[in-house]
Amino acid sequence: MCTNIRHQDTGPTLLLPINGIHLATLIIYISLIMNKNLFITIEGIEGVGKTTQIKLLEAYLKGKGISFISTREPGGTQVCEKIRNILLHDEMDPVTELMLYEAARAEHFSTVIEPALKDNRTVICDRFADASIAYQGYGRGVDIKLIETLNEIATKQTKPDLTIVLDMDLDQASERLRKRGTEPDKFERLDKEFYKKVRKGYLDLAVKEPERVKIINSLQSIEKVHQDIVSVIKY
Ligand code: TMP
């Protein structure tokens, strides 16, 4: 939970029983339903279908009349998109790379994500702090403790309410990328061993934080993956 951001002020307690249910309880229940904004992040290695699923999720939330923003990391602001451009196209030392991701995250979090959450809007973020653990930590071998510390600073110790990891076998993911046929960026040119480690990073996160991090098999049909996502969001 983003406990450092959101507080549920339930106000004074009213004790008027209606059919055995206290009016105050009813009001709190209704307001909880009405105000239930979530911070949802979507993760996974390249080629697992994040973009398609994010579009479907956006349409779903729209259909439910839920106020939300959809954003991405690295990116989401002009400055962060500039950092993204450097990160995705230039080679650099792994710690330098981590710090650029974290710089972009600090800027993005404080100017986009935090204000939206404070405004009681749901946030969908295409990748977030877990990506640094998986890619820079497991993938590139940067010290996980260091990444966790920098993540805490960049995100003001805020964790997503829910992280969906779209997961599939590496061969299937790279076959999808090949079919997509767009020019590969730096990450898409990296080898299989790298992605094996990144995938393990995500799977380990789900073991470590099973309440927050949900693995969804993205080898299923697009519709089934979407249904699985909706079932864990519980809107
Ligand atoms: P995208 O193509 O899903 O937008 O992600 C851009 C690339 O950035 C992707 O290869 C994963 C990588 N990445 C990291 O290595 N660390 C991070 O912290 C984030 C957010 C992304």
Inset, instruction - Kindly list the number of the only condition in (1) under 18 Å from GLU46 (Cα atoms); (2) free of Cβ contacts under 8 Å to residues at least 60 places away in the same chain; (3) more than 8 Å from the ligand (Cβ to nearest atom); (4) in a helix (DSSP H, G or I) that fails for LYS82. - result: (1)
Inset, instruction - Taking ALA116 as meeting all but one of (1) of a type in the set (A, V, I, L, M); (2) farther than 24 Å from ARG180 by Cβ; (3) within 14 Å of the ligand (Cβ to nearest atom); (4) in contact (Cβ under 8 Å) with a residue 12 or more places away in the chain, write down the number of the exception. - result: (3)
Legend entry - Verdict on ASP90 being within 13 Å of the ligand (Cβ to nearest atom) and surrounded by fewer than 16 Cβ atoms within 10 Å (Cβ to Cβ): yes
Inset, instruction - Of the conditions (1) assigned to a helix (DSSP H, G or I); (2) within 14 Å of the chain's Cα centre (by Cα); (3) of a type outside the set (Lys, Arg), GLY75 clears all except one; give me its number. - result: (1)
Inset, instruction - Look through region 119-154, keep the residues that are in contact with a helix residue (DSSP H, G or I) (Cβ under 8 Å, 6 or more places away or on another chain) and farther than 30 Å from ASP191 by Cβ, and return whichever of them is farthest from the ligand (Cβ to nearest atom). - result: THR122
Legend entry - Boolean, SER110 is closer than 26 Å to ASN217 by Cα, at pLDDT 95 or above, among the small types (Gly, Ala, Ser) and under 17 Å from the mean Cα position of the chain (by Cα): no
Inset, instruction - Evaluate region 102-113: report whether one residue or more is more than 30 Å from GLU193 (Cα to Cα), surrounded by fewer than 19 Cβ atoms within 10 Å (Cβ to Cβ) and away from the ligand (no atom under 13 Å from the Cβ). - result: yes
Legend entry - All positions within region 60-87 that are small (Gly, Ala, Ser) and surrounded by fewer than 17 Cβ atoms within 10 Å (Cβ to Cβ): GLY63, GLY65, SER67
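The values are calculated or read from the model by the stated rules, or taken from the named source; none is laboratory data. What you see is a predicted model; the values in this text were computed from it and never measured. Cβ sites come from the backbone with ideal geometry, for glycine too, and all protein chains shown count toward neighbours.
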